[in-house]
1. Report, by chain and number, residues whose modeled amide H sits under 5 Å from the one on B:L310, excluding near sequence neighbours (fewer than 5 apart, same chain).
2. Once each part is reduced to its C-alpha centroid, what is the distance from the range A:292-350 to the range A:148-186 in angstrom?
3. Suppose R0 equals 35 Å; then what is the FRET efficiency for B:E117 and B:L214 from their Cβ-Cβ distance, rounded to the nearest 0.05?
4. Output the peptides A:225-231, B:233-239, B:387-393 sorted from most to least packed, where packing is the average of other Cβ atoms within 10 Å over each peptide's residues.
5. Counting DSSP beta bridges in the range B:217-452, what percent are antiparallel, to the nearest 5?
6. Between their Cα atoms, which of A:K97/B:K24; A:K140/B:K24; A:K35/B:K11; A:K97/A:K306 are more than 28 Å away from each other?
7. Give, to the nearest whole percent, the P(r) tail of chain B beyond 27 angstrom, counting all Cα pairs.
8. Placing one identical point scatterer on every Cα of chain A and ignoring solvent, what is log10 I(q)/I(0) from the Debye formula at q = 0.06, 0.10, 0.13 Å⁻¹?
Amino acid sequence: MDKLIKLAEKCCEKVEVYSLDEHLNRINFENGRLKEIETSIQSGVALRIIKDNKLGFAYTKNLQDREGLIENALNSLKGGVQAEFDFPETKNLPELKSYDESIEELSNETVVKECERVVKKISERSKGQVNITAIIDYFKIRILNSSGTDVATRISNYYLRTSLLFPNSYASIERILQDRKFVHTPDDYIDYIVDTYNRSSKEVSPPGGRMKVLFLPETLYVLLWRIAYATSAESIYRNASPAVNKIGKKIFHEDFTLINDPLNEDFGPARAFDDEATPTQMLPIIENGVLKNFYYDLNYAQKMNKKSSGNGFKTGRWESEKIAIKPGPALEHLFITPGKASFSEILSSIDQGIIVAGALGAHSGNIPNGDFSIGLAPGLYVKDGRIVGRLKDAMVAGNIYEVLQNVIAVENRVYPGMVGYFPAILFDNVNVASR
Amino acid sequence: MFETLKNIGIKVDADYFDIRYEKKSETKIIFDGKELTQLTSNSTDGYVLRVLKDGGLASIAFTRFEEAEKAIKQVLENARLIAKNSQKKVVLAPVEVKKERFIPHLNQDPRKLSIDEKLELTRRYNEIPLRVKKIATTHIGYLEVSREKYFISSEGAEIAEELVTTRINGTITSRDGNLIQTVRVGIGGSDGFGRLRNQDEHFEKKTSIALQLLRAEPIPAGNYNVILNQSMAGVFTHEAFGHFSEADLIEDNPTMREKMKLNAQLGSEILNIKDDPTIPHQLGFYKYDDEGVEAKPTQLLKNGVLVGRLHSRRTATVFGEPPNGHCVAEDFRYAPIIRMGTIFIEPDRFTLDQLLEELGDGYYIIDAKGGQTSGENFTFGAQYGYVVKKGKLGSMVRDINISGNLYKTLMNISMIGNDLELCQIGGCGKGQLNIRSCNGSPHILIKDVVIGGI
């Protein structure tokens, strides 16, 4: 890498080299039995160069031919992709706890035994089918650039997702466990899954209409996806966001606070720098319902006369090969501030409503406009403070700029969800279509 | 390349192994609005090794040849662990051992064309919507993916195949005040660059739809009779039905497996569904899957009765059904999984006008916008539609999301058109992305569908 940057600096004004080495084991249990173990050992190097304010980008899995990689990046300059930003000079980053070396010694056998234990505990109390995905993942990122930056980090991640499936479907009650190292699955994790499942065993067909709707930590991503779209510097720059000119304005209910905090070691893999080596920061997106910040990478920050907020990440829409993706504005460390009520208190406050325990089609609504229209897989029906069954053939639909004004309660605990940690949130007056 | 793979294989002490090496080249050109935001051309490579040991089947993906020994050790350990902890021993269904180098015929090999030509064509199509007031932005890109695959197995298979996929696709976003509407655009396929030329009309039509959507009314939530166009019906076939023809998805789900028994009457008698990756000149074409098995056309539903399903060699044994070459990987980072190739509803004899007349009152729903299934239940979105009254098309509607029960909906298909169309852009995300996943259908009439509205 050091040789590569020296070589590239000979022909370009600005150079950045990003390298990633990753080791990942995925263990799948289906119907209570071990089905698959897949291992992936991947590495790669990505190169960005800037010459005459034009950007070149290239990547490779095997750094055997340095000249070839530079040649590729030079070729990509020809298209004339504008880039007037500088790579940052980053030093003296805080030391974050994001890696636990025990992960490298963690055997698949230990995790398989733990999955078997979880299956057994659930099966003692429930007839449903148990599926588990466990992931043992560790990786190293190093970024060098022509401004003198040389930063590196190691991340370790243990992840366990348990799903208890309803008959005839993949609709399930599920919960995620995430840590830097292997941890035993706590009893309350198992109790939540089993108790919620058992209460929803009956199929019900209540009438549709407007009612209270509770999104769980596992399904809140449906709404957050639309907020992330609206507050990205890219959407603002392209005039494709309803949040343009709304900074400082109250757009959601005052009980709703959403921050992005890569520096918090307790909630997900902490990062002191983003994938462009910009130092990260705690960034409030929505504070008590007020829109506080958009989030930026180097490219859009420069175009919009702002500073990067340390949100330049190699995150694709569907792609998972980080090496092949250019950094862009992304929220990877979301956190919703918990409220005052416990889950059972929230539940008992619902006279009539739906719990969104699984969502289908979060990607298919009009995301720029903030619309969502999701199938429930499953939806749990709540009557007089109790879960009385589950719905099929039902949809929940709305627009985040209306629904998020109608927050009734925010749970007092957070759980891992998609790219963050969230409580359950209860909304009033949401449209439910049912057969 | 086969020799290199054999040198790895020689060190594998297993009952069966296969090794796939792939070189993947990718050219990407992206416009966001007027601005070119990416132009890259790169290649990457890697290996996937699968071993069967004592009845345990495991896989490992690795990047460098030097890592092979470490990979062999790890994958054998995984296979033994599976064998020890699983009650079912894996047995691969016997297949014909093939030795072939297969290079598909392309109408203009994109690898031989200059990047400038690709850039100019993409720019031209991108400018079509941007010329129009009220188009806020576009995200339109050219993607070319070519995979050179080399496969050997301990049974003696030696197969090389090339898959070249090209497309120009993305979104057009219109805006009027706070109302933002987006439509998808896309042309592409797997038989060369030629099919991307002279497609201005497609981009003009979609631009017009994006503008009309600003004046369309949201569809009210409720239950309706609907006609789905080819794209919508194709996605329905893929999402709602197709995934449960994939044996691995139902293998370990006893209740779904019971429902999806062969000879079960799942749909109305007029419904025939097939998966056929061997049809030439369509997106989903391939000759061999990533287990070295030759792809075969597979009838799934015949007169509404389930008569077949899609298999890997492993699941073919589990179900006691013939393998049909449907086990495919995204690229060198993954072991193969069961995928649809080209799934479609077979055409009947009716025209769209006849379907509209039969519908009477309801909605005509057009062009898919992604879907998802949880087994019995599915949800998928449409880009736009029209009110239909007494068989006549009325005003445009937007915000259409459909939800339903698979088995009820298959039974409620009451009329099928004569105008089969297969999609040009794929993208199925079952764990891995499959950009060649192809689906299609003629127009179909379905009774009593739930629409979510907003």
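Every number in this text was worked out from the coordinates using simple rules, so none of it is lab data. Bear in mind that the values here come from a model prediction, so they are computed numbers and not experimental data. Neighbour counts run over all protein chains shown; Cβ positions are idealised from the backbone, glycine included.
1. It is B:E246, B:A247, by chain and number.
2. 19
3. Working: r = 34 Å, r/R0 = 0.98.
Using R0 = 35 Å, I get an efficiency of 0.50.
4. Numbers: A:225-231: 22.9, B:233-239: 27.0, B:387-393: 14.4.
Going by the mean number of other Cβ atoms within 10 Å, highest first, we get B:233-239, A:225-231, B:387-393.
5. Numbers: 47 of 57 bridges.
Here the share of antiparallel DSSP bridges comes out near 80 percent.
6. Working: A:K97/B:K24 36 Å; A:K140/B:K24 24 Å; A:K35/B:K11 25 Å; A:K97/A:K306 30 Å.
Listed pairs above 28 Å: A:K97/B:K24; A:K97/A:K306.
7. Above the 27 Å cut-off, chain B has 57 percent of its Cα pairs.
8. Result of the Debye calculation: -0.28, -0.77, -1.20.
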